[in-house]
Amino acid sequence: MYIVNVEGAIHRNGYWLLIRRSEKEEHASGTLSLVGGKCELEGNSTNILERTLQREVFEEVGLKVNVISYVNSSSFVTDAGVYVIDIVFLCYPDSGEPFAKSPDEVEDVHWLSTDDILSHQDLPDYLKRNIELAHQKL
């Protein structure tokens, strides 16, 4: 079985919102990443991916977003051996200014340009690829 995770490639005025994950996080602690989280059990429902993303972004960084379009999907295995399906969506801010609302999950927020992300030495290839694909959808 997989955990289903959704992430937002949130774009505003030429910049992408990245978070620095808290050191308390079990997976990828202390790294820069897109904002997102896991789908919860709901039974029969609609738009679970989009609603989950909107909820997670608001819980973690206090930002309301409009989910615009699908970007990419992938799978990975966490350090603890958990299998994850990850789905990325292009989003635009609707209201609010992002901040580290959930310190157990987010240490800091950063706005970086596409070029800054693609040339950043310490960012993982999957993050760069997600930003490249999201940039193509602008």
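The values are calculated or read from the model by the stated rules, or taken from the named source; none is laboratory data. In this text, all values refer to a predicted model and were calculated from it rather than measured experimentally. Neighbour counts run over all protein chains shown; Cβ positions are idealised from the backbone, glycine included. The area values use the complete protein model at the heavy-atom level, side chains included, leaving out ligands, DNA and RNA. Shrake-Rupley method; radii C 1.70, N 1.55, O 1.52, S 1.80 Å.
Data overview
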quantity: Residue satisfying condition, being in contact (Cβ under 8 Å) with a residue 60 or more places away in the chain and open to solvent by 40 Å² or more (accessible area, probe 1.4 Å), within set Y92, Y70; calculated: Y92
quantity: Index of the failed condition, T78 passing every other in (1) open to solvent by 50 Å² or more (accessible area, probe 1.4 Å); (2) in contact (Cβ under 8 Å) with a residue 40 or more places away in the chain; calculated: (1)
quantity: Segment 95-111 - residue that is in contact with a strand residue (DSSP E or B) (Cβ under 6 Å, 6 or more places away or on another chain) and over 17 Å from K64 (Cα atoms) and, of those, surrounded by the fewest Cβ atoms within 10 Å (Cβ to Cβ); calculated: D108
